[in-house]
Every structure is written in structure tokens, then in C-alpha cells.
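Below is one structure, written out as C-alpha cells; comments come after it.
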Amino acid sequence: MADRRDGPGSGDNEIEIKRLSKVFGQGDAAFRALDDVSLGIRRGEFFTLLGPSGCGKTTLLRLIAGFEQPSAGEVIINGRQVAGLGPNARPVNTVFQNYALFPHMTVADNIGFGLRMLGKPAAEIRETTERMLALVRMEAMAARKPSEISGGQQQRVALARALAPQPRVLLLDEPLSALDLKLRKEMQSELKRLQNETGITFVFVTHDQHEALTMSDRIAVMSGGRILQSGRPTEIYNHPAERFVADFIGDTNFLDVELVAVNGATAEVRLPGGGTRRATLPEGLAPDPGSHVTIVIRPEHASVTEEAADFEGTVEDAVFFGTDTHLNLRLSDAARFTLRRQNTGAGDGAMPEGSRVGVRVADGGIQVLRN
Amino acid sequence: MAVTQHIDTTGAQAGADMAALTAERESHGWKWLLSLPALTILVFAASGPLLIVLIYSVLTPAEYGGVVWELSGRAWFQVFFRRDIFDPDEVTLNWSHLSVLWRSVSLAFQTTVICAILGFPTAWFISTRPPGQREIWLLLITIPFWTNLVIRTFAIQEVIRNQGVINSLLMNLNIIHSPIQMMYTDFAILVGMAYVFLPLMVLPVFAAMDKLDTRLLEAGYDLYASRWEVLRRIVFPLVRPGFIAGSILVFIPSIGSYVTPRLLGGGRNMMLSNLIELQFGQGRNWPLGAALALTLLVIVLVALVFYLRTIGGDEDKQHG
Amino acid sequence: MARARRNFSITALPGFASIAVLTFVLLYVPIATLVVFSFNEAASMSRWQGFSLQWYQAAFENRQVRDVSIRALGLAVTASAIATFAATLAALATTRTAKFPGQTMIYALVNQPLMVPEVVTGTALLIFFAGIKVSTGYTGMGYLVAAHSAFCIPFAYLPIRARLQTMDLTLERAAADLYANHFQTFRYVTLPLLLPGVLAGFMLGFVISLDTVVITEFVKSAGQDTLATYMLGQIRRTVTPEMNAIATLFLLLSAVVVVLFFIVSRKRP
């Protein structure tokens, strides 16, 4: 094994993924689950891999954990190349989607398992197990078997078990997907609390955009075995660089427009009403003026206006959502546009069908897509 | 797999909704009626005659086989003890019977151990093949099992006899100059029984491993367990029921083995079954044969009770 | 780029694959030897002299072999058919129905031949049938048919019951909902769905009957040797490759039945 130590000098990254690929099967049946992915995950952050099922997020997590071995590329954890090593030689622990608690052991034995395997003294194991039980508020269940506790409790035990050996990194594979909505909300804040208290780097896999947005320090959006975009939740949400990212996260209006001028990181685009507005360009993209691009406008970044409208539309219908109402408009060129009105007053925010309304987009609310 | 299923006598029956559908408006008479043909055959040609064995074991042997209808405890006495021919008051242990009994138990136990050593890794190997291949490996285990016992024992005999494959090979290679006598030894019986009953270990162990969630192995390795620790603390405890079932399935036919000791053990290295048969043939002592048969049955029942209690204990442990 | 490092695999355990391969080799070397030497030109069963079918010819021309083979096959078909019929009815009565008093006893009786060593059953039948033979004077094949049928019932019962358990009750409800009476429901819905299980049960019973040596040895009257007991007697005397030829043919038969059994009892996709 090539023991390449990048050393602590390689920056603040806890995990470094370099040109990682994973192919399952051979020949015609070969499936490229992960395609040349590079990524850095910083020490102590809550990092989320977000994408639909089959996008490669779980494969990436399993490669970091050591359950699968890469077809090509490197996995570096804390400056140490670990590709090829087993999970028992990596300073990471996993919370499994189905929890994978050992059915023949008690809750306490499950939690103490990692420490026992590390050969810690019995007193330390007992002390840490008790601390972990307290941390996830499961003291009363220590002597039970996994089959005798609820799904939410199993989830907590799985967390405690993975945290007990004090790993550098905790990997979480859709840990909340089996819980009902109320429990899921509870566990989301519980997870955040645990991460703050322990200071451990969390790598979290989910297909749930809300989960990703509310919990993460940074998100990587994946599709087709690639990372399409990574960044802070606000960046990903407000400035999606790719159509898939914009579409997968939140509601979105796509409009095809002409690019009038490029100005460093921003550009002037011509909206359907004929006027031009400033739009943000994705990083590293410098299209030619005069070319056609797709822009993204979030429904809540547009509002109904009496004057200085960017463009006009005809109301097709209005859908009441409680806190807000969606107005579905048809624009002059047959494109559709949805805008969201916050219901501040007592009304329902609806407009009569067929009426024409002016639409004004908030400053900074227009994002140009790559491609 | 047929062999493993009969252990599962508690298998789910009585779908709750079917119960609701039939309970109130039907009596159970039709079920007995439908079961009647099977029960008749079984009582007539399997279970009923067992009672007759019990009766025969306490009767007096007739001179040319058969019995005289006269109560006697002699047969049971003879299973374990003998009287001196010249001095009827001198009672000693019947070593010729006890040695056969001991050989049966010992060889059956050794067979079980050999089958476990070979069968456990084999079942693991099969259960870790890709799904398409798994069926083929299983079929390869199953085919010899459904092949006639006499044929398989004959095949083993061809390998280990003095002019057999092993001896010819060793002699052609000049490793040995005269054949190694393997036939008609306890070793031959052991090899034969392990060969014949191995699939009975592999199949239930495989069934248990097949149910094992590989994520539990991942969790084990994730928590720093070595290969040995994963085997000892995760795989073995979880496939234990299948392993015990396999051990029982090997032990029972081994201890009752008849064909293998008869062909490979020769006349001297008898097992219990051969001793029983002898009483109905040359021995002409039917009550003794019956008593010996019941002795064998008791050993098997003890093994079964042990099995049921262990499995019951395992279930208690799983559910507290 | 070639990788020098050994990759960690979750399911690998040290030495297990080697032992497994060894097991398969040990399992098949004796069988392969037996088959190979059935084609040997010489009478030797350890030295290969050249390919010949003469032992097969000898086997076919051996009147005794023909007799015992036909008897064994006839017995297997008859006993297995009876066992399958009885087991199907019993399975219908005891599977997917409300628990009823005595059900456990039926299970115990059905499974009893699996638990009791063959030699014990053989002894019991020897004593019991000897009594009947003396009092009725009948010494025909009926005893063997009865003994084999009883022994085959648990084996026939297993796949039929397994099949019934996986069958969807709603199909029969749907039939009843569409005005089918009990018999029509059974005839047009239950039975066709159950058929693979019944077939599998029959095949298992067939193979088991062919394999049953000890019970046959204890129950048979003079001149009622089956192939298994004939071979058992012959092997102890002089053995020529004729025996290999007979064994090979029956091996082939078993293998075909087992493969068919696998195909029939495989779950529908």
C-alpha cells in the first residue's frame, strides 16, 4: 500500500475525495455509480450529500466508510490515504439507514461494541456507554434488546453506538427516512445538537431537500454519479448553477432569455417584458453577449406590482397553501410562471382568473444556469 | 429447502383473516376427513407399529424368531448386562453391546463435527455468491443428497478400498508400497457418514446465513471488529439456530446409520442399527432387537429435546 | 492503473472459500470416479484401459437388474402417488385454516417418519407385518407400498404446504365473490395454483422411495428386492463395473428429478 500522508498541512479538510469512481458489474452490465468525483469536507462541519435515489450519494458514503472499495481514485481521511482499507481501519463510524443494530445484544452492548473491539478497559467502556446513553436520553432502555424498543429509540441507539468510539467522522445514511414526520423533525434538531456538542464532522446522506437545507453547513447536490454543485444551503438555493439543482431543490421558474451584456460575475438579461435586469452568473461561466441562456427565478423572489413591472402575465389559477398562495401565470410567449404571495393579512392572496398582473423580480433574484 | 423446513414446525399457519372467515360457520370435521387418508397410512405403517416394538421388547424370544407371549425383562437386561454362562448369578456389563452403543454415539458425534467444519464455510461460501450463482451451488450440494445412499456409499468405497483410487494413486506415485487398509475400519465409517450427511449440515446453515443482514457485518467492521470478531460475535450467534438444526439433522441419521457401517465397517465394526438387524437375522432374538431399537429411539429423542430446548432458549434471548 | 493493494471485502472470511472448494471437490470426486469407471473397458475399477459401453450392455442384459429396477421404479411411482394424494388433502386441511383441536397431533404424525431412525421404523414394520403375514397369508408388494407411502408422506407434504402458505387467499375470495361454489373454487383456482407444489411433492416422494434402503430391507419378503437392496447385497460380493453402470444410470435419474424439482418449486418471478 502506498502510504501517502498529505499531513496536517493539507488544509482544514477532514476528508479529501480525489477523482473517485466506482463501477459495479462488468462488461455490458457495468454500472458507473460514481463518476470521477472530487470533494473536500471540512473539519467539524455538517456536510450533506443530497440527491435522488440512484444518484451515487450512498455509494460515495460507503466508499468513505470502507464498505465498498473504489474502482479508481483516492479517499483521504485526516491526511491518510484509506482506499483499500477495511472499515475497521478507518476513523469513521456509520449510522445505517435501517440502523443495523445487533439483534442478539442489548442496547448497552450495542453501544459498547466499538469500544470493546478497540480493546478499551471495561471501566472505560461502561463509563462511555453510560455517557452515550445519557447523550441520546436512553438510560432507561440499556438492558433491552433492539426488538423491544421503538423505531425512534433504535435510531438514537444507532447514533450512540456510532458516536461511542469518538470517531473523527460520523457517516449518516438516510438515518431519518424510516421515521414519521414528527419524529423526524425532533431528530433533526437532536442531530444538530449532538453535532454541536461533539464537534465531530458529520457526513449526512439524504434525498430530502428540506432536511438538507435546514441541517447542513454545506451541501453537495449529486446526480448520475457526479457532484453537480456544492456550497452553503443559501448558495445552493439562491444560486443554483444547474437546471437539475434548481429543479430538485425548491419550486422554480425557468425562463429562456437573451443575454445582453456580461459584467464579471453578473450579466444583464432581457426579460419577457422587454426590460433588462441584472442576473448572477454561475462561477467560471462567461457566455457571449447576444446568446440565449436559461434563468431561474424562485416563486418567492417575484411579486405582483402595479408599476415598474418586469413582465406581465395572465392569472390561470391560484392555489392556497395557508402561509402563502401560489399564483400560476401564463406569460405572453406561452411560458408559465409561478409566483408566491405571502399571506400577511386575512385574505387568501388570490387574484381573479384571467386578470392581467404585472410581475416584479426582487434584486438578486435572477440566476443564470450553466449550459 | 425441504430438509430445513421440517424443523420449522411452528411455521405460520392460520392466516388471521381466514380464521375469521371460517371459524364461526364451519366445524373442524372436514379437516379431519381430509387428513384421514394420510393419518390412516401413517398410523398403519409408521407410528402404530412403534407401539408394538415397545410390547415386543418385554416379551420372551421364541426359538426361531418371533416371540412367546410371556412378559420378561430379559431383553432390556441384555441391552446393558450379561450373566456368566456358568455362574448365572455373576452379572457383568455387556461390553459387546456397550461398545457398539459407544461406537454409534462417538462416530455420530465425530461425523457431526466433521460436517460442521466443512459445512459451515461451505454454506458461507454459497450464501456470499451473487444471486444467480447461488442456486447453482445449492443444486450442486443437493444433487448428491438426493442420490441413493447405497450408490454414494459405493462411490466412497471405490475411493478408499485397497485397490481404490487413493491407494492406486499413492502406489503409482511410489509413495507407499502396499495399500493402506482403510476399508472395514471406524475411519471408513466416519468418512462415509460425513460424505453422505454433509448436505444436511450445509442446507440449514445456509438458510440461516441467507437471512443474515450483511449490514450487520458492515456495522461490525465499522465498529473496528476484526474478521475473527465479526465471525465470533455477529455471524456465529445469528446463524446458531441453523447450525444447531444442521447438527441435529446430521447426528440423528448418523447414529441410526445402517448402510454405511454395513458396507464400509464390515462385520466387526457394527453400529447400533446393524446390531438390531442381527437380532432379527442370525440372532433370532426379537425382544432384544426391539429393546435395542427403542434404545436408539430414546437417544434420538434426547437429542431432539436438547435441540428444541436450545432453540427455545435462543428465542427467549432474542426477545428477552 | 494497476492497483497493488488488496481490497477489503465485507463478506470474505479467511480460508472459507478454500474449504468450500475442497468440500465440493470431496463431494464430487467419488461420484466422478464411479461414473468414469462405468465406461472402463477392463473389469478393473482403478486402472483405466479404454472406453467401452460393455458394462451398460451387461447391465441391460442382466435379468435380475432389470427386475429390481422395474420393481423399484414401480414402487416409487405407486408409493409417491399415494403419499402425494394423502399429503395434499392433509395440507389443505392443516394450512391456512383456523387452528383446531388435534392439529398438533396431525403435525406430529405427519413428521414422525422424519424423526424416527429408519431402522426403528423398519424394526416396527418387520414385527407388525410379520404378524399380518402369518395371519392373512398375504405376502405381496402391499407391505412395501404401505411402508414407502407412509415414509414419503412428510416429504410430499413439505412442498405442498409451503406452496399453500404463499398462496394469496384473496384469489379464492375473488372466485367465491364471482359465484363459484366450494368445489368450483377448488377446481379452477386452488388446484391450478397448487399444482407446482403437488408436482414437487410427488418428485420428492419418488426420489425418497428410490433411496429408502433400510425400511425396504426389513419389510421385503423373498424375491422383493428393489434396486437399493439388490445393490446393497451385491456390493459386498464381487463388484464389476457393471455396478458402476447401474449406479450411473440411477444417479442420472436422481439428478434429472432434482433439477426438475428445483425448476418446479422455484418461486414465480
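At a glance:
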read-out: Separation between Cα centres of region B:73-96 and region B:181-219, rounded to whole Å; value: 40 Å
read-out: Fewest-first ranking of C:Lys220, A:Lys182, A:Lys57, using other Cβ atoms within 10 Å as the exposure measure; value: A:Lys182, C:Lys220, A:Lys57
read-out: Shape box of chain B [Cα atoms, principal axes, largest first, Å]; value: 77, 74, 35
read-out: D (Stokes-Einstein, µm²/s), Kirkwood Cα radius, chain A, 0.890 mPa s at 25 °C; value: 106 µm²/s
read-out: In order through region A:167-172: 3J(HN,Hα) via Karplus (6.51 cos²θ - 1.76 cosθ + 1.60), integer Hz, x for Gly, Pro; value: x, 6, 9, 10, 9, 10
read-out: Order by protection proxy (mean Cβ within 10 Å, highest first), peptides A:112-120, A:194-202, C:13-21; value: A:112-120, A:194-202, C:13-21
read-out: Kyte-Doolittle mean at least -1.0 and Cα axial length at least 15 Å: DSSP H helices in chain A; value: A:107-117, A:122-135, A:151-163
read-out: Average beta carbon contacts from partner chains per residue of C:147-156, 10 Å cutoff; value: 5
read-out: Average beta-carbon neighbours from other chains, 10 Å sphere, peptide B:155-168; value: 5
read-out: 10 Å Cβ neighbours from other chains, averaged over peptide A:63-74; value: 3
read-out: Phi-based couplings in Hz for region B:44-56 (Karplus 6.51, -1.76, 1.60; Gly and Pro marked x); value: 6, 10, 9, 7, x, x, 4, 5, 5, 4, 4, 5, 4
read-out: Region A:320-371 versus region C:1-78: alpha-carbon centroid distance in Å; value: 77 Å
read-out: Chain C, helix-only ellipticity at 222 nm - DSSP H runs n ≥ 4, -39,500 (n - 2.57), divided by all residues, nearest 500; value: -24000 deg cm²/dmol
read-out: Interatomic Cα distance distribution for region A:274-355, bins of 10 angstrom, percent; value: 15, 44, 27, 13, 2
read-out: Longest to shortest principal axis, alpha-carbon extents of the protein assembly as shown, angstrom; value: 126, 76, 63
read-out: Region C:63-265: radius of gyration over Cα atoms, expressed as a fraction of 2.2 N^0.38 Å; value: 1.18
read-out: Whether region B:150-223 is rounded, prolate or oblate, judged on the alpha carbon gyration tensor where a/c under 1.5 counts as rounded; value: prolate
read-out: Global form of region B:238-320, assessed from the alpha-carbon gyration tensor, a/c cut-off 1.5; value: oblate
read-out: Order by protection proxy (mean Cβ within 10 Å, highest first), peptides B:290-297, A:161-168, A:272-279, B:53-60; value: B:290-297, A:161-168, B:53-60, A:272-279
read-out: Semi-axis lengths, Å, region A:44-109, gyration tensor of Cα atoms, sqrt of 5 times eigenvalues; value: 23, 17, 13
read-out: Per-bin percent of Cα-Cα distances, region B:228-273 [10 Å]; value: 25, 30, 20, 19, 6
read-out: Kyte-Doolittle at least 1.6, axis length at least 27 Å by Cα - qualifying DSSP helices, chain C; value: C:16-37, C:191-211, C:241-265
read-out: Calculated SAXS-style log₁₀ I(q)/I(0) at q = 0.25 Å⁻¹ - region A:132-189, Debye, Cα scatterers; value: -1.16
read-out: Highest-first arrangement of B:197-204, C:205-212, A:310-317, where packing means the average Cβ count within 10 Å; value: B:197-204, C:205-212, A:310-317
read-out: Alpha carbon centroid spacing (whole Å) that separates region A:97-121 from region B:272-302; value: 52 Å
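Each reported figure results from applying straightforward, stated rules to the coordinates on display, with no laboratory input. Since we're looking at a predicted model, the values are computed, not measured. Using ideal geometry, Cβ is built from the backbone for each residue, glycine included, and neighbour counts are taken over all protein chains shown.
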